[in-house]
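Enquirer: Structure below; questions to follow.
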């Protein structure tokens with residue numbers, strides 16, 4: 001199944017978007033191996049830097065594009081469909097097409113690849129005065 005930004009943004013919650021993108025431990029599938037220098041060269045290219053800046057702007061630097069979930073540190077641009085060597089060598093549409101890219105935090109990126117929701121940073125509980133003091137309710 002090809003995952004797309006158009007489908008992703010129809011999912012209203014962070015959890016639904018995560019479930020749509022998670023890979024269920026497909027991290028073990030070989031992608032670049034000894035050819036890792038090829039994808040590293042791609043990630044240093046002017047084309048990648050340009051599309052990366054566009055995606056960050058489009059998603060307002062928010063994790064999975066969810067407003068209010070701003071990423072406070074390094075923003076990762078995640079390819080929704082895992083890349084393979086042939087995608088780079090043949091300049092496939094998955095490389096630079098915004099339809100297949102999304103902003104994620106480091107933890108979300110790890111959770112997507114490992115299929116492990118426990119790695120996700122959950123939203124903080126909204127606190128109110130005396131909410132933990134049973135005799136002041």
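Every number here is computed from the coordinates shown, using simple stated rules; none is lab data. All values derive from a computational prediction rather than experimental measurement. Cβ coordinates were reconstructed from backbone atoms using ideal geometry, including for glycine residues, and neighbour counts include every protein chain displayed.
Enquirer: So how far apart, in nm, are the two label points at residue 119 and residue 15 if each is 7 Å from Cα heading toward Cβ?
Expert: 2.0 nm
Enquirer: For each of 11, 23, count neighbouring Cβ atoms within 10 Å of the residue's Cβ, then give the residues from fewest to most.
Expert: 23, 11
Enquirer: Can you sort 129, 80 so the residue with the fewest Cβ neighbours within 10 Å comes first? Write out the running numbers ahead of the final one.
Expert: Details: 129 7, 80 19.
The fewest-first ordering by Cβ neighbours comes to 129, 80.
Enquirer: Still on this structure, please answer the following. I want to check the label-to-label distance for residue 54 and residue 38. Put each point 7 Å from Cα in the C-beta direction and report it in nm to one decimal.
Expert: Here the modelled spin labels are 2.4 nm apart.
Enquirer: How would 58, 17, 69 line up from fewest to most surrounding beta-carbon atoms within 10 angstrom?
Expert: Result, fewest neighbours first: 58, 69, 17.
Enquirer: Using a 7 Å offset from the Cα along the Cα-to-Cβ direction at both residue 132 and residue 70, what is the distance between the two label points in nm, to one decimal?
Expert: Label-label distance for residue 132 and residue 70, simple model: 2.6 nm.
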